[in-house]
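These notes concern the structure reproduced below.
Throughout, read-outs are computed from the coordinates displayed, never taken from laboratory work. Keep in mind that what you see is a predicted model, and the values were worked out from it rather than measured. Heads up, the Cβs are rebuilt from the backbone with ideal geometry, glycines too, and the neighbour counts pull from every protein chain shown.
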Amino acid sequence: MNDKSKTKYAVPALDKGLDILEFLAKNKRPCTQSEIAAGILKTPNEVYRVLVGLEKRGYLIRSETSGRYHLSLKLYNLSRSISPMDNVLKSALPHMEDLAVNIEQSCHLSMLYQSQAMVVVQARSKSPMHLSIAEGALFPLSSSSAGKLLLANSNDEVRQMLIEHDEIYSASKDVYKALLNELNTIKVQGHIMQSNPLIAGVHDFSVLIGRPNANLIAALTISSFDSTLNTHANKHSVISELKNTAQKITSLLER
């Protein structure tokens, strides 16, 4: 768009309002009218009416004692209402609960969070003996099956960034090369099935929710005692059940 078009469609009051919200979000402390004006390169008079409007709509809160403005939780609540994670949870949980009933094993869903794999929701089995993975638990990508699956299916730019943040993966060229080979294998087969790197006597089964290289992906995982699923046929049956469930969830997310 050229400068003439930008001028034609400019909305000065809207621009000032967005500038104010962005300034307060970055500043992270209450500010006076003069401080806000200086921060967005305007005069106090230019921002006064916009500040009043933002306060009236509930985006800003003004202290009666100091006169300083700070952001309310309205923007946060709006973002929560369109959060991709909320959409994933709403789509995934009913199918995860069906899976937990069908195979008598708990399952959990993990997503990338600050260069780690975070368990965002769990569907508990009603079986008297099952493993439970706490919601909110964080695992390094190099020491969790879900983490490796997410890393394998991330786009190249994200994958490289995540590897650079992991001390184990970035330790040497040989380790890095072995990692890439492992990730390529995981991506091609569409799942990971291995002994749990953290708990002896436990086997992990993890499949992808979403599409490889997509912006929004998750890992659907079952962690089970080896004695529970100790045959080759049982293990591949679990992978099949997981993939069927993941496909149902992915289909809902793509609507």
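Among residues other than Asn181 with Cβ under 14 Å from its Cβ, the summed charge is +3 (Lys and Arg +1, Asp and Glu -1).
Temperature 4 °C, viscosity 1.567 mPa s: under these conditions the Stokes-Einstein estimate for region 131-184, based on its Kirkwood radius over C-alpha pairs, is 110 µm² per second. Each residue of region 87-160 gets 98 Å³ once the volume of the Cα convex hull is shared out per residue. Against the chain, whose longest principal axis is taken from its Cα atoms, helix 232-253 shows a tilt of about 20°. Taking amide H atoms as placed 1.01 Å from N in the peptide plane, the amide H of Asn213 lies under 5 Å from those of Ser154, Asn155, each 5 or more residues away in sequence or on another chain.
With 10 angstrom as the radius, rank Thr221, Thr228 by how many other C-beta atoms surround their C-beta, starting from the fewest. Before the final figure, lay out each step's value.
Working: Thr221 25, Thr228 17.
In order of increasing Cβ crowding within 10 Å: Thr228, Thr221.
With springs only between Cα atoms under 10 Å, which of Lys126, Lys26, Lys173 fluctuates most in a Gaussian network model of the chain? For the chain, modelled as a Gaussian network with Cα springs under 10 Å, the answer is Lys26.
Couplings 3J(HN,Hα) of region 148-156, computed from phi: 5, 4, 5, 5, 4, 9, 7, 5, 4 Hz, in residue order, whole Hz [Karplus 6.51 cos²θ - 1.76 cosθ + 1.60, θ = phi - 60°; x for Gly and Pro].
Can you count the Lys pairs in region 83-253 whose Cα atoms are under 14 Å apart, with each pair 8 or more apart or on different chains?
For region 83-253, the number of qualifying lysine pairs is 4.
Under 1.5 on a/c is rounded, so check that first for region 137-255, then, if it is not, pick prolate when a/b is larger than b/c and oblate when it is not; a ≥ b ≥ c are the square roots of the alpha carbon gyration tensor eigenvalues. It is oblate, given that a/c is not under 1.5 and a/b is not larger than b/c.
Taking a quarter of the surface of the convex hull around the Cα atoms of region 3-78, what do you get in nm²?
The directionally averaged projection comes out at 5.7 nm².
Working from Cα pairs under 8 Å separated by at least six residues, relative contact order for region 58-202 is 14 percent. Sorted ascending by nearby beta carbons within 10 Å, beginning with the fewest, Leu220, Leu179 become Leu179, Leu220.
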